[in-house]
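Since the structure comes first, as structure tokens, the remarks are kept for the end.
Derivation of every value follows stated rules applied to the coordinates shown; laboratory data play no part. Owing to the predicted nature of the structure, the values given are computational and were not obtained by experimental measurement. In this analysis, Cβ positions are derived from the backbone assuming ideal geometry, glycine residues included, and neighbour counts consider all displayed protein chains.
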Amino acid sequence: MVSLNIFRLALTLICLTSLSLVSSAPTSNATSADLSPKASEILARATPSAPHFVIYSDKFVSGLTGPPPVAQVTGYNVFALSFLLIEGAFDKAIEWTWLSASERASVKAEYAAAGIKLIVSVFGATDAPTSTGADPISTANTMAAWVKEFDLDGIDVDYEDFNAINAGDGKAEAWLVSFTRQLRTQLPQGTFILTHAPVAPWFSPGRFGGGAYLTVDQQVGSLIDWYNVQFYNQGTSEYTTCDGLLSTSSSTWPKTALFQIAASGIPLSKLVIGKPATTGDASNGFMSTATLAGCLQQAKGRGWNAGVMVWEFPDAAASWIRDVRSQAFPE
């Protein structure tokens, strides 16, 4: 994904009583009225179950600061403000900070009522954290603190340090593993969303010396809620038919179609299919909404239901996801 490059500290520790309430939430008969305000807040923020309908937002939109009105993104359940970089927030992420605390609270309430989580996406195409020598622990701490300071529901790791992955020496994978583990110490699972957005080829067995995302998943996959897989920007004919997207990828990036990735050990339930909204939102990999809707229907018929991701608002909005969901996940 491409950053446009336009340009409350950590929350109070939750008491042990609140933590015990949260951990028992799935089987408890307690209502929100029985819980402390902090416990109720955590339960409301808990990781949503599949399917996930994710939309990124990085473009400047005249007259709009921060997320759009809910009506414009009806049909999605995750909205990703992009991007938070090592040097700070930019684009839609910094716009979020421009809103007052009361304005942010109002937006959060509106989105929560519509069942939409607000998260921040980090890095993108602008940052190369491994190659530039960023420390994974301090970077994770800083970014997690930003998420909590500005009261978001989680974080998406859009790591695009291609040189580091291509080096094949395992340093990129080790960086991502350390970064992810530290994020989880600061943003506990079940309380905050933590996703990654790898390009599909990074799941190709034997193509990268360090194992790319197969290694990442083996080591910290249990800490990652799902993958917003970028099935685009990888070649003019890659992932542009239902067969190429779902069943059999080309020899250029072998075994990286959806069900091939699952066959390599990645949980099918975590593989969200990512696509660009228009031909202008990516170099290649675009599918029309009608074609993509048909592919999703095929995939669901084979046991998949993880959901779909799109890059980006406002090129995609409520009508885009309505059309894409129409056959497999009608509203």
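Odds and ends about this structure:
- Residue within region 92-104 that is aliphatic (A, V, I, L, M), surrounded by fewer than 20 Cβ atoms within 10 Å (Cβ to Cβ) and touching a Gly at 6+ places or on another chain (Cβ under 7 Å) present: yes
- Among residues of region 56-91, those that are under 15 Å from the mean Cα position of the chain (by Cα) and not aromatic (Phe, Trp, Tyr), counted: 8
- Considering residues of region 288-331 that are of a type in the set (Asp, Glu) and not in a helix (DSSP H, G or I) only, the residue nearest to Asp158 (Cα to Cα): Glu312
- Region 259-281, subset part of a strand (DSSP E or B) and in contact with a helix residue (DSSP H, G or I) (Cβ under 9 Å, 6 or more places away or on another chain), residue surrounded by the fewest Cβ atoms within 10 Å (Cβ to Cβ): Leu271
- Flag if Gly285 is surrounded by fewer than 16 Cβ atoms within 10 Å (Cβ to Cβ) and either aromatic (Phe, Trp, Tyr) or assigned to a loop (DSSP other than H, G, I, E, B) (or both): no
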